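Undergrad: Have a look at this one before I ask anything.
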Amino acid sequence: MLPDPVPSPGPGLVPDPGQAFDPTRPVTLAADETPRGSVALRRRSLDPAGAGEVYELITNGTFVMDTLETTTERLLAQAALVYAPAGAAWSVVVGGLGLGFTVRELLADARVARVDVIELEPAVVGWVRDGLVPPTAGILADERVHAHVADVRGWLPTLPAGSTDAILLDVDNGPDFLVHRANTEVYERPFLGVVRRALRPGGVVAVWSATRSTALRRRLEREFGSCEEIHRVVPREGRRLDYYLYASRADRTGA
């Protein structure tokens, strides 16, 4: 997810038959109105010749993510998999499907036996399942994947204690740049306690954030004993943006 505000989807995002078509201008492929606001999938090209298609996810008029730069979405999976032993059969929970790049990265690893992906917006699940995002087409058809249309805040507490190896959270832009104010809870100590309870001994939690969050790091340190801050500078169409992951491990003794 990315902290770049953009205009809300509107008539200007649909080609006007009376104007010359400009492929670099975003076109809305699908949209949905929910109790939480609007969500839309857009497509644009990188140059006027129509080369290099980019797909964008927009929520409540805010740019959330796209298929142009997916380094940190994939890194979210890698930050957990670095702890998976050879021959493992890991069970992983992904909070937030987005455009599917974290799930795709997990599925590329033979040590991942099951992925439960929790996505609040049914339209987003449908778009990825129907192949409207070509780079991640087919991921939800993988037999290892179980997609749940639910709020991760309510779904995760239903897991039995010590039942999963990794929990990856990318449900918003991080605690300091929220698209949905209700997601504040995801980054607070009580929910992090729910995360720790669900993890097996030695299990990993990794949280994506669009900004550095000292408060989140300290909460994870208090809950898990330690926290690694992973910083990446990502080039994006002439700019350099800073993104952060926060990773912690459950006690390997199960204490």
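The values are calculated or read from the model by the stated rules, or taken from the named source; none is laboratory data. Since we're looking at a predicted model, the values are computed, not measured. We place every Cβ from the backbone using ideal geometry, glycine too, and count neighbours over all the protein chains shown. In case anyone asks, the SASA skips ligands and DNA or RNA and just uses the protein heavy atoms, side chains included. Shrake-Rupley method; radii C 1.70, N 1.55, O 1.52, S 1.80 Å.
Undergrad: Report the residue count in region 74-84 for those that are open to solvent by 20 Å² or more (accessible area, probe 1.4 Å) and either under 17 Å from S163 (Cα atoms) or among the hydroxyl-bearing types (S, T, Y) (or both).
TA: Count: 1.
Undergrad: Starting from region 112-140, take each residue that is over 18 Å from L156 (Cα atoms) and list its partners that are charged (D, E, K, R) and in a helix (DSSP H, G or I), counting only C-beta distances under 8 angstrom and pairs at least six apart or across chains.
TA: These pairs meet every condition: P135/R104; T136/R104; I139/R104; L140/R129.
Undergrad: Which condition breaks for T184 when tested against (1) over 26 Å from N60 (Cα atoms); (2) surrounded by fewer than 15 Cβ atoms within 10 Å (Cβ to Cβ)?
TA: (1)
Undergrad: Please note which strands (runs of 3 or more DSSP E) are completely contained in region 1-101 and include at least 2 residues that are at pLDDT 95 or above.
TA: 27-34, 37-45, 53-59, 90-95
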